[in-house]
1. Taking the 0 to 90 degree range and rounding to the nearest ten, how far is the long axis of helix 63-73 tilted relative to the main principal axis of the chain, both from C-alpha atoms?
2. How big is D, in µm² s⁻¹, for the stretch 15-120 by Stokes-Einstein at 37 °C and 0.692 mPa s if Rh is the Kirkwood radius over C-alpha pairs?
3. Quick check: from the Cα gyration tensor, does the stretch 272-347 come out rounded (a/c under 1.5), prolate or oblate?
4. With the crude spin-label approximation of a point 7 Å out along Cα→Cβ, what separation in nm comes out for residue 339 versus residue 303?
5. Using packing as a proxy for protection, rank 43-55, 213-225 so that the peptide with the highest average count of other Cβ atoms within 10 Å comes first.
6. What chymotrypsin sites (Phe, Trp or Tyr not before Pro) in the stretch 317-347 are in a loop by DSSP, with at most 15 other Cβ atoms within 10 Å of the Cβ?
7. With each label point set 7 Å from Cα along the Cα-Cβ vector, what nm distance links residue 135 and residue 326?
8. Using a 1.4 Å probe and ignoring any ligands, DNA or RNA, find the accessible area of residue 205 and quote it in Å² to the nearest 10.
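The values are calculated or read from the model by the stated rules, or taken from the named source; none is laboratory data. Note that this is a predicted model, so its numbers are computed, not measured. We place every Cβ from the backbone using ideal geometry, glycine too, and count neighbours over all the protein chains shown. Keep in mind that these areas ignore ligands, DNA and RNA; they rest on the heavy atoms of the full protein, side chains included. Shrake-Rupley method; radii C 1.70, N 1.55, O 1.52, S 1.80 Å.
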Amino acid sequence: MEETYEAMDKGRLPGREEEVKAARKTFSRLGGVYVIGTIVIYAAQLVPTLLVRFLKPEWLTDANIVLTLSMLPMYLIGMPVLIMLVKRIPGQVPERHGMKAGHFIVAAIMCYAIVYITNILGNIITAVIGMLKGSAVPNVLLDATSSVNMWLMAVYMVICAPIMEEYVFRKLIVDKTVRYGQGVAVMVSGLMFGLFHGNLNQFVYAFVLGLFLAFLYVKTGNLKITIALHMMINFVGGIVSSWLMRMIDLTEYEELMQKMDWKGMTVYVQHNLTGILAYAAFSLFVFGMMIAGGILLIVCLAKKKFVCDKEKAVIPRGQKFRTVILNVGMLIYVLFWTVMIIAQLFM
């Protein structure tokens, strides 16, 4: 009997080795397809950018055009090609369950807490790295959205991104991997989603948020829930915060603080009082979400609410990392995006 259990752990039971090989092949294929999809996305973005650089180089000084040259090719060409390739991989859809309105509200509060807390953590990490290398690490998202038209940004961030990203990084990945265990599907979805952002600032919160949204999708089988939550996160974190920051002109504030110009600061406050009060109210909202959501997360963890179903293990104990990550396709995907993130730190 002991020999049987030992063989089970090592994947040597009759048929078990074949199952593990098949699983490794599936994950390698999945990673490889996402690598190909990444290449297609970059190519789709590069071609129109080069054409504009050659024909109308002055357009590249317009943040709205630059953002459009990045987003439209990805959503209209790159991701549809990726979806087509991933759909060829066999999978299964999680069993569908409803979610009560109260549970959705609780999930939304926890989402906000996850994003804000991990965003602070990511900013601290990048700030420390910036101090060590002697120059600040650029905040890609902030730099990209600080001067973009709000309506254009809303279309990309609140409509396109949540729908496409939830389908590509939640539904497709979970559907193709959930038969190897809910925990495996959740982890792979979160990791691949976080890495895809390509910079450390976003990786930290995208990874943790990706885990949470993947867990919700695994448990409900309802992508509309995660899309709605993703839209809410992007609307508040991207649109509302950006709009409020534009109201108070942070650049002028920083210059006055550096000069210790208190008279100028008084005039600044008088001219920007409405924006300052609105931003203060938003800050209180963020703080409240962090506290309330943090408490809810702790309570759920204590009550073991975030537990994946223990199904029949296809991948034996002790072989999950080797089977899921240490294969050609997934290794290339992980290494590619890790290099991109490291490179961004030293730009």
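1. Tilt of helix 63-73: around 20 degrees.
2. On the way: Rh = 17.9 Å.
Roughly 183 µm²/s, to the nearest whole number.
3. Here the stretch 272-347 falls in the oblate category.
4. The modelled label-to-label distance comes out at 4.7 nm.
5. Per-residue Cβ counts within 10 Å, averaged per peptide and sorted highest first, yield 213-225, 43-55.
6. Values: sites: 321, 333, 336, 337, 346; in loops: 346.
For chymotrypsin sites (Phe, Trp or Tyr not before Pro) across the stretch 317-347 that sit outside H, G, I, E and B with at most 15 neighbouring Cβ atoms in 10 Å, the list reads 346.
7. 3.8
8. Here the residue's solvent-accessible area equals roughly 40 Å².
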